[in-house]
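Structure, as structure tokens:
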Amino acid sequence: MTFAIIGAGNTGQAIAGYLAIHQEDITLYTRNSSKAERLSKNGLTISGVYRQHVHVPVTTDLEEAIAEARYILITTTSPGHQSTFKAIKPLLKGNQLILILPGYWGAAQCKEELGSLSEEKNILIAETSAMPFVSKADDQGNVHLIKIKQNVQVSCIPTPQSPILPSKIHSTFPQLVPASHIIETSLNNTNVVVHTPITLFNASRIDAADEFRFYGDGVSPHTVKYVEKIDEERRRLADRFNIQTTSILTLLNEFYKTDFTDLETALPGLFPDGKAPRTLDHRYITEDIPYGLVPISELSKRVGLATPYADSVIETAGLLLDRDFRKEGVRFDEYSPEDLSALIQPNVIIQS
């Protein structure tokens, strides 16, 4: 077996379907026994970019899933990353790649969890800046691959034995392009800058479970200005780490091969019918803040940069939901300056 896919939600099913269509050897892991039985029996029906029905092996046994896997793809939500890393740690065989899709600083968390084991067993830890697809999946095995994103970044934490990503990753996912290191991939996640302000500024409508288009109806000139202010804070942090990055508008245009000239037009133009959440207990808040804005804020503090716009969203959302998102989030508390330096070792992909 080549690929183990850990997590059978939207991302996991989309990745599994894509790999199965391309005749890769895969196993899909889920903790949900009824879902495992259903997907094993019925397979995945892919629509959209591809139209095909595929059968995939599905298991609820994590050890079985990764025992023979060369590539371990983590497709859980960010709140599930830490527990997943803990669970797979004693099961790793050696000379494997852990790829987190998308990263949300997951590679840094994984490295912290594995510690010296990553060097001892030559475990290469990698992440992407975004999910490689726009997709929707249900619990019945229906996967709609709406679009394949382009220019999605990928990076890794090198080991002495494996300083580069294997060419198999590029040949399997040609939409991935190399980034210098994992701080670059996580800083280029567009979700965290865009989702949170729009959600927060439409909080009363979402809390009342109003039905409206998230971008088509929820975006306003002042909301876009706030998004752009958070984006400026993200880019200042990138500059401090000598990371080449561009604006959120440019990143979105590169993902979708469009040429929008302003963010206020781009967001509803790219996602005209996307529905708003019907609850504030949604990943646009519970994932994008602790695993997106919090690490931007905390890393900025470490290097002497202020992030008043990101901080305001973090604190206001925390007060609104009565949660300590800083405590929940990625803060790099255990990272010394030397540890942070190790995260920005350059790495490359060998392109086949």
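Descriptive notes on the structure:
- Members of the stretch 52-61 that are in a loop (DSSP other than H, G, I, E, B) and either surrounded by 14 or more Cβ atoms within 10 Å (Cβ to Cβ) or at pLDDT below 95 (or both): His55, Val56, Pro57, Thr60
Listed here are the residues, each with its yes/no results for (1) modelled with pLDDT of 95 or more; (2) open to solvent by 30 Å² or more (accessible area, probe 1.4 Å); (3) part of a helix (DSSP H, G or I).
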{"residue": "Ile285", "(1), (2), (3)": "yes, no, yes"}
{"residue": "Pro290", "(1), (2), (3)": "yes, no, yes"}
{"residue": "Val294", "(1), (2), (3)": "yes, no, yes"}
{"residue": "Gly304", "(1), (2), (3)": "no, yes, no"}
{"residue": "Asp311", "(1), (2), (3)": "yes, yes, yes"}
{"residue": "Gly318", "(1), (2), (3)": "yes, no, yes"}
{"residue": "Phe332", "(1), (2), (3)": "no, no, no"}
{"residue": "Tyr335", "(1), (2), (3)": "no, no, no"}
{"residue": "Ser341", "(1), (2), (3)": "no, yes, yes"}
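- Taking (1) within 17 Å of the chain's Cα centre (by Cα); (2) touching a residue at least 12 places away in the same chain (Cβ under 8 Å); (3) not in a strand (DSSP E or B) in turn, Glu68 satisfies each apart from (1).
- Filter result for Ile243 (touching a Gly at 6+ places or on another chain (Cβ under 9 Å) and either surrounded by fewer than 19 Cβ atoms within 10 Å (Cβ to Cβ) or assigned to a loop (DSSP other than H, G, I, E, B) (or both)): no
- Residue in the stretch 254-264 that is farther than 24 Å from Gln153 by Cα and either open to solvent by 40 Å² or more (accessible area, probe 1.4 Å) or part of a helix (DSSP H, G or I) (or both) present: yes
- Scanning the stretch 1-36 for residues that are open to solvent by 30 Å² or more (accessible area, probe 1.4 Å) and either without any contact (Cβ under 8 Å) to a residue 12 or more places away in the chain or of a type in the set (Lys, Arg) (or both) returns Gln23, Arg31, Ser34.
- Residues of the stretch 265-283 satisfying the condition of being in contact (Cβ under 8 Å) with a residue 40 or more places away in the chain and either aromatic (Phe, Trp, Tyr) or open to solvent by 40 Å² or more (accessible area, probe 1.4 Å) (or both): Phe271, Pro272, Asp273, Lys275, Arg278, Thr279, Asp281, His282, Arg283
- Hits in the stretch 285-311 - residues which are over 22 Å from Gln109 (Cα atoms) and in contact with a Phe, Trp or Tyr (Cβ under 9 Å, 6 or more places away or on another chain): Tyr309
- Residues of the stretch 88-116 that are over 24 Å from Ile289 (Cβ atoms) and either open to solvent by 20 Å² or more (accessible area, probe 1.4 Å) or of a type in the set (Asp, Glu) (or both): Lys89, Pro90, Leu91, Lys93, Asn95, Gly115, Ser116.
- Among the residues of the stretch 320-330, those that are modelled with pLDDT of 95 or more and acidic (Asp, Glu) comprise Asp322, Asp324.
- The stretch 6-38, subset part of a loop (DSSP other than H, G, I, E, B) and among the charged types (D, E, K, R), residue farthest from Ile148 (Cα to Cα): Arg31
- Test for Ile98: is it part of a strand (DSSP E or B) and either at pLDDT 90 or above or at negative phi (or both): yes
- When residues in the stretch 245-264 are screened for being within 21 Å of the chain's Cα centre (by Cα) and either more than 20 Å from Thr185 (Cβ to Cβ) or in contact (Cβ under 8 Å) with a residue 60 or more places away in the chain (or both), 7 of them pass.
Yes or no, residue by residue, for (1) in contact with a helix residue (DSSP H, G or I) (Cβ under 6 Å, 6 or more places away or on another chain); (2) among the charged types (D, E, K, R):
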position: Phe85; (1), (2): yes, no
position: Asn95; (1), (2): no, no
position: Trp105; (1), (2): yes, no
position: Lys121; (1), (2): no, yes
position: Ala137; (1), (2): yes, no
position: Asn142; (1), (2): no, no
position: Gln153; (1), (2): yes, no
position: Pro178; (1), (2): no, no
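- Once the stretch 76-87 is narrowed to residues that are in contact (Cβ under 8 Å) with a residue 60 or more places away in the chain and open to solvent by 10 Å² or more (accessible area, probe 1.4 Å), the residue that is farthest from the chain's Cα centre (by Cα) is Thr84.
- Verdict on Lys41 being assigned to a helix (DSSP H, G or I), open to solvent by 30 Å² or more (accessible area, probe 1.4 Å) and modelled with pLDDT of 95 or more: no
The values are calculated or read from the model by the stated rules, or taken from the named source; none is laboratory data. Computed from a predicted structure; not experimentally measured. No Cβ is skipped: glycine too gets one built from the backbone with ideal geometry, and neighbour counts run over all protein chains shown. The accessibility values were calculated without ligands, DNA or RNA, using every heavy atom of the protein model including side chains. Shrake-Rupley method; radii C 1.70, N 1.55, O 1.52, S 1.80 Å.
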